[in-house]
Protein chains: 2
Amino acid sequence: MAKYEAYLQQHRERHLQELADFLRIPSISALPEHAGDVRRAAEWAAAGLRAIGVPHVEILETAGHPSVYGEWMVDESLPTYLIYGHVDVQPVDPEHLWETPPFEPTLRDGRLYARGAADDKGNLFIPLKAVEALAAVDGRPPVNLKFLLEGEEEIGSPSLPALLEAHADKLRCDAVLCADGGFYRVQRPDITVGSRGICSMQIDVVGAAGDLHSGSYGGAIQNPLHALAAILAGLRSPDGKILVEGFYDDVRELTPEEKEAIAKVPFDEAEFLAGVGVSQPFGEPGYSTLERLWVRPTLEVNGMWGGFQGEGVKTVLPGQAHAKISCRLVPDQDPDKVMSAIEAHVKAHTPPGVTVTVSRIAGSAPAYVVPPGHPLLKKAAAVLEDVYGEEPVFTRAGGTLPVAAMVESILKTDFIFFSFGDPDNQVHAPNEFLRLESFDKGVRSYIKLLNSLAE
Amino acid sequence: MAKYEAYLQQHRERHLQELADFLRIPSISALPEHAGDVRRAAEWAAAGLRAIGVPHVEILETAGHPSVYGEWMVDESLPTYLIYGHVDVQPVDPEHLWETPPFEPTLRDGRLYARGAADDKGNLFIPLKAVEALAAVDGRPPVNLKFLLEGEEEIGSPSLPALLEAHADKLRCDAVLCADGGFYRVQRPDITVGSRGICSMQIDVVGAAGDLHSGSYGGAIQNPLHALAAILAGLRSPDGKILVEGFYDDVRELTPEEKEAIAKVPFDEAEFLAGVGVSQPFGEPGYSTLERLWVRPTLEVNGMWGGFQGEGVKTVLPGQAHAKISCRLVPDQDPDKVMSAIEAHVKAHTPPGVTVTVSRIAGSAPAYVVPPGHPLLKKAAAVLEDVYGEEPVFTRAGGTLPVAAMVESILKTDFIFFSFGDPDNQVHAPNEFLRLESFDKGVRSYIKLLNSLAE
């Protein structure tokens, strides 16, 4: 490693400058007004691939935001790995809670703060710099490499299935290495062997044709805010069990062995709770916190709104109320079937006096689990133990990588997480950051892994 | 009336121009950034009083927005009446639903559209122009007049009790004529003999210290939006009965005679519902729509918000959720007692895993009922029958005029509604308007009433 070490130290400052440039692009895929910025981020990444020596780089257009494809075939007798990441980021609201502006990367106490610092610009930048070092020192990477950096991960990758199908030949590989995600304990290694799926819906409740005076109409006309509250309250029991009829039907229950394996994973619940400032766990009765996060499905309201939100008082009986909900899914739940169950539930429980519409939001995905005992898991584990001085545990992600299930079903290849975020990185929230330590160790881990994959 | 008629017709165009000028001032008392506009509206009204000949006019300062006071004593042997109105208006959101901008008064099809066109700038302008005509034609008004035009009615008149107490001598009168409110059927006369009271509160629910990733935390941390939905859903039964313990304790039940009297009031429920675009009535079981509107208390959510409200998807588990609620109160409910009951209810029904705060918003008021058989009611009824060719019925207002109960308790005098809005005026909503017919008939009615009060 000494030869790479010297290179990495010599170029570290430039690398961090490059990452900061990347993070300055406000590539928020959820907001139409930022579509141009997502494209700019893709072009930045394409230029970044060319700069490290990738001979073939192109922008792949989609019905939505573009993806970046790179290909570096060094020897047909070597295996081929595809590195996956995404150049788009989450919205930044509530913006006033950011200590420094989300798109002005700021270094404080060994952490780089910016939207996307961890999810996923910082994480995908790690293998790029590993490949740069490998190529600079050895003249070429140790295995054949492909890159797919998409622009729609934060909105559920709606264009990705069509893209994978259209370019299935081009994307063929021995396995996909996912440079998105991270550890469940700060700076302590693990390998994610599964992720939850997702589906999202919007509920719109309409009462009167417009907002009404609460004195002139209050008491005699249904209030859409009350109706929405009743609908949302009816989706879960007070203790967190989901009450949608049929919701749990296809959930694969844990075997006693799986339950035991999760119970053995080191997890400090008090620390987990303290980390987000709450005093007690909450969730589906009969399951531990890790089980609730990893292998049990969820239904969460992500936003709701209606009526007067300003300061002071407005005695209005609003005409409309709205909510966005999303579910995290586990094997073997089918997103379409879950959404149908929610539609049927809301229809069956619609309060009187209002019209309720439930709409599906694009980007659903089933859960994914890495085939147990996959040889890549063993190599990845050895590298992490080497770099971190600690044997990694095998965990699952509560979040969703729609690409995982798509790769499995469309490219018919395996999908292995190899990424370096920490659980306190504030991804999807104000003050997102990446530890420089994660960057440094991540680059070294990728160098070791790619070298070991050539063996 | 012929002499006044000639004057009114000659000056009608100028009068409407003046009203439009008044309506251009965005005097929204609920929004701190419009405080200067509320003051401008008060100054405009003060100038308007001076212009019609009121010899003594002053701005009365308060802890909040100022009030306007005017006094025209013509003969100590004549009775003295105080005309009440308010120069402040409601907020205008959602602004995109206005067909023409809320503060650019627009005449369409015999209607003047603007925020405040009916509530209350248009309504209070009516007696001003009646007094102008009386003074111009007869040299002076027929009775002693006082005016009190406040600037905080739309936020519950928080400064008015102190103002009434501080100026009780100055404001002494035989009765207060309220130039705020209107008929319950379009262009068909009635006299309001009671109004509901009000109290308003905000509910704030806090979970995690910030917004969380719904994948990384969903299922294992309480979601404040679900908690708020459960709290709000628990405040009322699905069919609209309020479930707050003790809420109905002090409600004065109707006597069979009162119930019968309300049942006799002409009311077209289908038209009422069609007017707001809903297909079915809703509300507390066991009561008619008019009873629900006039003599039964309410609890309505006026606004709620939390999490992501933008386009697309943001898979966030929000840290906070908020709602504003208000109750309309009836005799003999005490606002403080009702708010204590709500606080106790929410405390007793707080879901696990969140901290809930219930705050009182200033401006509560009890209900008010005009003493039955008051002589002024007979005179007002005769005038309306004369102008509208139809005997008015006696009704109640579902809304609140905090000033009514304050006048009763502080000034120890009676408070009679004499105002000309229509139920379809869209007060507190987009596209508020006043029919010019209401203005014309209202001015003539005030001229007749003031003349009859001198007898």
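Yes or no, residue by residue, for (1) in a loop (DSSP other than H, G, I, E, B); (2) among the aromatic types (Phe, Trp, Tyr); (3) more than 22 Å from residue B:442 (Cβ to Cβ):
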| site | (1), (2), (3) |
| --- | --- |
| B:5 | no, no, no |
| B:8 | no, no, no |
| B:18 | no, no, no |
| B:44 | no, yes, no |
| B:76 | yes, no, yes |
| B:104 | yes, no, yes |
| B:118 | yes, no, no |
field: Entirely in segment B:350-455, the helices (runs of 4 or more DSSP H) that have 1 or more residues that are more than 14 Å from every other protein chain (Cβ to nearest Cβ) and surrounded by fewer than 20 Cβ atoms within 10 Å (Cβ to Cβ)
entry: B:375-388, B:436-454
- prompt: Within segment A:148-160, can you find the residues that are within 14 Å of chain B (Cβ to nearest Cβ) and either of a type in the set (A, V, I, L, M, F, W, C) or assigned to a helix (DSSP H, G or I) (or both)?
  reply: A:153, A:154, A:155
- request: Among the residues of segment A:192-215, write down those that are touching a Phe, Trp or Tyr at 6+ places or on another chain (Cβ under 8 Å) and either more than 30 Å from residue A:403 (Cα to Cα) or outside any loop (DSSP other than H, G, I, E, B) (or both).
  value: A:192, A:193, A:194, A:195, A:197, A:208
message: For segment B:182-191: of the residues being more than 10 Å from chain A (Cβ to nearest Cβ) and part of a loop (DSSP other than H, G, I, E, B), which is nearest to residue B:424 (Cα to Cα)?
response: B:186
task: Among what's in segment B:298-310 and is in contact with a Ser or Thr (Cβ under 9 Å, 6 or more places away or on another chain) and over 26 Å from residue A:362 (Cβ atoms), pick the residue that is farthest from the other protein chains (Cβ to nearest Cβ).
output: B:299
- line: Apart from one, (1) more than 24 Å from residue B:423 (Cβ to Cβ); (2) at the interface with chain A (Cβ under 7 Å from one of its Cβ atoms); (3) surrounded by fewer than 20 Cβ atoms within 10 Å (Cβ to Cβ) all hold for residue B:313; the odd one out is (3)
query: Does residue B:4 satisfy being closer than 29 Å to residue B:173 by Cα, touching a residue at least 40 places away in the same chain (Cβ under 8 Å) and under 23 Å from the mean Cα position of the chain (by Cα)?
result: no
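Is it the case, given these coordinates, that residue A:215 is closer than 30 Å to residue B:192 by Cα and outside the structural domain of residue A:423 (by TED's automatic domain parsing)?
yes
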task: Would you please list the contacts, defined by Cβ atoms under 6 Å and residues six or more apart or on different chains, that run from a residue in segment A:302-328 that is assigned by TED's automatic domain parsing to the domain that holds residue A:340 to a residue that is among the acidic types (Asp, Glu) and not in a strand (DSSP E or B)?
output: A:316/A:211; A:318/A:211; A:319/A:211
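Rundown of residues vs (1) assigned by TED's automatic domain parsing to the domain that holds residue B:228; (2) modelled with pLDDT of 90 or more, yes/no style:
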position	(1), (2)
B:332	yes, yes
B:346	yes, yes
B:387	no, yes
B:399	no, no
field: Residue list for segment A:265-297, restricted to those being part of a loop (DSSP other than H, G, I, E, B), among the hydroxyl-bearing types (Ser, Thr, Tyr), under 30 Å from residue A:342 (Cβ atoms) and touching a helix residue (DSSP H, G or I) at 6+ places or on another chain (Cβ under 8 Å)
entry: A:288
Matching residues in segment A:362-410 - criterion: being acidic (Asp, Glu) and touching a Leu at 6+ places or on another chain (Cβ under 6 Å): none
Any pair with Cβ under 8 angstrom, 6 or more apart, that starts in segment B:349-364 at a residue that is on the phi > 0 side of the Ramachandran plot and ends at one that is surrounded by 15 or more Cβ atoms within 10 Å (Cβ to Cβ) and part of a strand (DSSP E or B): B:363/B:198; B:363/B:200
query: When the residues of segment A:279-296 are filtered to those that are more than 7 Å from every other protein chain (Cβ to nearest Cβ) and crowded, with 23+ Cβ neighbours inside 10 Å, which remaining residue is nearest to residue A:252 (Cα to Cα)?
result: A:295
- prompt: What number of residues in segment A:316-347 are under 22 Å from residue B:225 (Cβ atoms), assigned to a helix (DSSP H, G or I) and either within 14 Å of chain B (Cβ to nearest Cβ) or hydroxyl-bearing (Ser, Thr, Tyr) (or both)?
  reply: 3
- prompt: Within the group A:163, A:171, A:145, which residue is of a type in the set (A, V, I, L, M, F, W, C) and assigned to a strand (DSSP E or B)?
  reply: A:145
field: Which numbered condition residue B:262 misses (of (1) part of a helix (DSSP H, G or I); (2) within 8 Å of chain A (Cβ to nearest Cβ))
entry: (2)
message: Let me spell it out: the conditions are (1) of a type outside the set (A, V, I, L, M, F, W, C); (2) closer than 19 Å to residue B:447 by Cα; (3) surrounded by fewer than 24 Cβ atoms within 10 Å (Cβ to Cβ), and residue B:127 meets all of them except one. Which number is the exception?
response: (3)
statement: Listed by first then second residue, the pairs whose first member lies in segment A:24-46 and is free of Cβ contacts under 8 Å to residues at least 12 places away in the same chain, whose partner is surrounded by fewer than 20 Cβ atoms within 10 Å (Cβ to Cβ), with beta carbons under 8 Å and at least 6 positions apart or on separate chains, are A:32/B:311
- prompt: Out of (1) in a loop (DSSP other than H, G, I, E, B); (2) at pLDDT 95 or above, what's the single condition that is false for residue B:300?
  reply: (1)
Residue check for residue A:278: β-branched (Val, Ile, Thr) and either on the phi > 0 side of the Ramachandran plot or in contact with a Phe, Trp or Tyr (Cβ under 9 Å, 6 or more places away or on another chain) (or both): no
query: Out of B:253, B:257, which single residue is without any contact (Cβ under 8 Å) to a residue 12 or more places away in the chain, within 23 Å of residue B:334 (Cβ to Cβ) and either in contact with a strand residue (DSSP E or B) (Cβ under 9 Å, 6 or more places away or on another chain) or of a type in the set (D, E, K, R) (or both)?
result: B:253
task: Could you tell me which residue of segment B:233-258 is farthest from residue B:355 (Cα to Cα), considering only residues that are within 13 Å of another protein chain (Cβ to nearest Cβ) and of a type in the set (D, E, K, R)?
output: B:239
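Looking for whichever is away from chain A (no Cβ under 14 Å), in contact with a helix residue (DSSP H, G or I) (Cβ under 6 Å, 6 or more places away or on another chain) and at positive phi here; the options are B:116, B:110. Which one fits?
Details: B:116 fails: away from chain A (no Cβ under 14 Å).
When all the criteria are applied, what remains is B:110.
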- line: Checking A:209, A:230 in turn, the sole residue that is facing chain B (nearest Cβ under 7 Å), surrounded by fewer than 16 Cβ atoms within 10 Å (Cβ to Cβ), in contact (Cβ under 8 Å) with a residue 24 or more places away in the chain and over 23 Å from residue A:334 (Cβ atoms) turns out to be A:209
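The values are calculated or read from the model by the stated rules, or taken from the named source; none is laboratory data. Just so it is clear, the model here is predicted, and its values are computed rather than measured. Note that each Cβ is placed from the backbone with ideal geometry, even for glycine, and that neighbours are counted across all protein chains shown.
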